[in-house]
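Working notes for the structure below.
The values are calculated or read from the model by the stated rules, or taken from the named source; none is laboratory data. Just so it is clear, the model here is predicted, and its values are computed rather than measured. No Cβ is skipped: glycine too gets one built from the backbone with ideal geometry, and neighbour counts run over all protein chains shown.
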Amino acid sequence: MYPVLFSIDFFGHLVNIHSYGVLISFGALMGFIYASTTAKKELGIESQTMQGLARIIIIAAFVGGKVLYFLEDPGFYFFPPANMLHNFRTGFVFYGSLLFVIPSVIWFFRKHKLPVMPMLDIVAIAGLIIHIFGRMGCFFAGCCYGKKTDGLIFIEFTDTASVAPLHQHLHPTQLYSVTLLITILIVLLMFKRHKRFEGQLFFIYIMLYAIGRGVIEIFRGDIRRGYIIDGILSHSQFISLILLGIILFFYVRFLKKSKAN
């Protein structure tokens, strides 16, 4: 689509402003505004504390996203290690970010004596907001692209700066993801006033995303993300299955506990 949103002349040097960076930054701002406002209103948490949380999330998401990205092709990135600097500003894996962010925010909550489960519910919605804009960024950049398709629904990338193959009819998997995430966001907002226990929104978010991501992976065409079982089970599908099992266990446990009370 439009990997480069626009370019500016900075003292004789042409600086490209990338669509992905603009969209993810805007999403992060919207997510922070939601989390900060909601935490203040519902839990009395000051904005300074939420700013500290935001810094932790940014660092954990960046590190986790890069680590899992490198592990998708360790033979290239670790031999030699200098290859890790290749396209360092790009190339992130969402599940890597998620798996690093969860323990990091829980540590932050406990350190600052914040209520863990209510905060996870707030972070779930804020995270969805950020993720929606991030996937839109993927769409404009052409990454996370789909397989070839002869169906009526397709996208054709023509910009030479796009990551996706050019002039081919591809599944718009980025937009599939955006649709999935918006649907989950609507579900969480509907559940918000009627949740049975604290943390329920977070659990629902992870379970629905794991299921949806597993399905969308079927239509993904960027095979460099790697497979556990070649051509059958991708890394992301494998992680989805594990997360779904773990979160479903805790969801049932918390639900039973809420009914007992």
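Tell me, please, whether a residue that is surrounded by 18 or more Cβ atoms within 10 Å (Cβ to Cβ) and touching a strand residue (DSSP E or B) at 6+ places or on another chain (Cβ under 8 Å) can be found in the range 226-234. Spell out the reasoning first.
Of the range 226-234, the ones surrounded by 18 or more Cβ atoms within 10 Å (Cβ to Cβ) are 234.
Checking which are touching a strand residue (DSSP E or B) at 6+ places or on another chain (Cβ under 8 Å) leaves us with 234.
Within the range 226-234, one or more residues are surrounded by 18 or more Cβ atoms within 10 Å (Cβ to Cβ) and touching a strand residue (DSSP E or B) at 6+ places or on another chain (Cβ under 8 Å).
Here is a check on your reading of the model: is ILE239 touching a Phe, Trp or Tyr at 6+ places or on another chain (Cβ under 6 Å), surrounded by 18 or more Cβ atoms within 10 Å (Cβ to Cβ) and under 25 Å from GLY27 (Cα atoms)?
Values: touching a Phe, Trp or Tyr at 6+ places or on another chain (Cβ under 6 Å): yes; surrounded by 18 or more Cβ atoms within 10 Å (Cβ to Cβ): yes; under 25 Å from GLY27 (Cα atoms): yes.
Yes, satisfied.
Only residues that are crowded, with 18+ Cβ neighbours inside 10 Å, in contact with a strand residue (DSSP E or B) (Cβ under 9 Å, 6 or more places away or on another chain) and within 30 Å of ILE122 (Cβ to Cβ): list them for the range 133-188, please.
Answer for the range 133-188, where residues must be crowded, with 18+ Cβ neighbours inside 10 Å, in contact with a strand residue (DSSP E or B) (Cβ under 9 Å, 6 or more places away or on another chain) and within 30 Å of ILE122 (Cβ to Cβ): GLY137, PHE139, PHE140, ALA141, CYS144, THR173, GLN174, TYR176.
Checking the conditions here, which among PHE197, PHE202, PHE191 is farther than 24 Å from ILE130 by Cβ and either in contact with a helix residue (DSSP H, G or I) (Cβ under 8 Å, 6 or more places away or on another chain) or surrounded by 13 or more Cβ atoms within 10 Å (Cβ to Cβ) (or both)?
Among PHE197, PHE202, PHE191, only PHE197 is farther than 24 Å from ILE130 by Cβ and either in contact with a helix residue (DSSP H, G or I) (Cβ under 8 Å, 6 or more places away or on another chain) or surrounded by 13 or more Cβ atoms within 10 Å (Cβ to Cβ) (or both).
Any residue in the range 5-18 that is surrounded by 15 or more Cβ atoms within 10 Å (Cβ to Cβ) and assigned to a helix (DSSP H, G or I)?
Restricting attention to the range 5-18, the residues satisfying the condition of being surrounded by 15 or more Cβ atoms within 10 Å (Cβ to Cβ) are 18.
Then drop every residue that is not assigned to a helix (DSSP H, G or I), which leaves none.
No, the range 5-18 contains no residue that is surrounded by 15 or more Cβ atoms within 10 Å (Cβ to Cβ) and assigned to a helix (DSSP H, G or I).
Taking ILE59, is it surrounded by 13 or more Cβ atoms within 10 Å (Cβ to Cβ), of a type in the set (Val, Ile, Thr), modelled with pLDDT of 90 or more and not in a helix (DSSP H, G or I)?
Working: surrounded by 13 or more Cβ atoms within 10 Å (Cβ to Cβ): yes; of a type in the set (Val, Ile, Thr): yes; modelled with pLDDT of 90 or more: yes; not in a helix (DSSP H, G or I): no.
Spelling it out, it is not the case that ILE59 is surrounded by 13 or more Cβ atoms within 10 Å (Cβ to Cβ), of a type in the set (Val, Ile, Thr), modelled with pLDDT of 90 or more and not in a helix (DSSP H, G or I).
Just checking, which of LEU185, LEU189, LEU255, LEU241 is within 24 Å of MET119 (Cβ to Cβ), in a helix (DSSP H, G or I), free of Cβ contacts under 8 Å to residues at least 60 places away in the same chain and of a type in the set (A, V, I, L, M)?
The match here is LEU255.
Hey, ILE211 hits all of (1) within 30 Å of PHE254 (Cβ to Cβ); (2) part of a loop (DSSP other than H, G, I, E, B) but one; which does it fall short on?
(2)
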